[in-house]
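The values are calculated or read from the model by the stated rules, or taken from the named source; none is laboratory data. As the structure is a computational prediction, the values presented were derived from the model and not from experiment. Cβ atoms come from the backbone with ideal geometry, glycine included; neighbour counts cover every protein chain shown.
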Amino acid sequence: MSLQSVKEHLKKFSREQDILEYDEISATVEQAAAALNVIPARIAKTLSFKDKEGNAFLVVAAGDAKIDNKKFKSTFGIKAKMLSAEEVEHFTGHVVGGVCPFGLAHDLDVYLDISLKRFSTVFPACGSINSAIELTCDELFEYSYAKDWVDVGKDWDALLTDEVAAATEA
């Protein structure tokens, strides 16, 4: 059902036919990168958090970014607390490994981390553990109805760009 809700969502932008589905599992950043033959940093991973009132919100970051607790607290005013797998599925309608900011079960705030901006295109999941779509950062922002760009990541390589990534993948 989750992949279907993403297809319906992306249909609004005439992009449902661009969803990539593959035989192997792509539930982790490394698995998705291998399935797509790209470096892990280009995988747009969707992380689910809980606010003070117990509501969920999403942060989409590059595959090589980790959450910086100090930046997160400064940006959102709370300590980073990720949702349990059951909560993720309840709020997003997607299973862990296929979570994306499209076709959500509930209206959630979505934020994009600046770690994604170094690439012309990135690959978010599409609601299942074996799907993705290639989008520009502008398309990801538009299609996810993102509220804003944030800087809550750490340990990502700011020097890694499309050009370096292409050489790395060759």
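Computed quantities for the displayed model
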item: Criterion violated by Lys73 - all others in (1) out of contact with any Cys (no Cβ under 8 Å at 6 or more places or on another chain); (2) in a helix (DSSP H, G or I); (3) closer than 22 Å to Asp18 by Cβ; (4) at pLDDT 95 or above satisfied; result: (3)
item: Members of the range 28-70 found to be part of a loop (DSSP other than H, G, I, E, B), of a type in the set (Gly, Ala, Ser) and closer than 18 Å to His90 by Cα, listed by number; result: Gly54
item: Looking only at the range 144-170, and only at residues there that are small (Gly, Ala, Ser) and either outside any loop (DSSP other than H, G, I, E, B) or loosely packed, with under 11 Cβ neighbours inside 10 Å (or both), the one that is modelled with the lowest pLDDT; result: Ala170
item: Close pairs from the range 70-85: first closer than 11 Å to Leu47 by Cα, partner part of a helix (DSSP H, G or I), Cβ under 7 Å, at least 6 apart; result: Ala80/Asn69; Ala80/Phe72; Leu83/Phe91
item: Number of positions in the range 23-38 that are under 19 Å from Thr121 (Cα atoms) and touching a residue at least 40 places away in the same chain (Cβ under 8 Å); result: 7
item: Phe141 being surrounded by fewer than 23 Cβ atoms within 10 Å (Cβ to Cβ), touching a Cys at 6+ places or on another chain (Cβ under 8 Å) and under 21 Å from Ala32 (Cα atoms); result: no
item: Tally, over the range 86-108, of residues that are assigned to a loop (DSSP other than H, G, I, E, B), in contact (Cβ under 8 Å) with a residue 12 or more places away in the chain and within 21 Å of Glu142 (Cα to Cα); result: 12
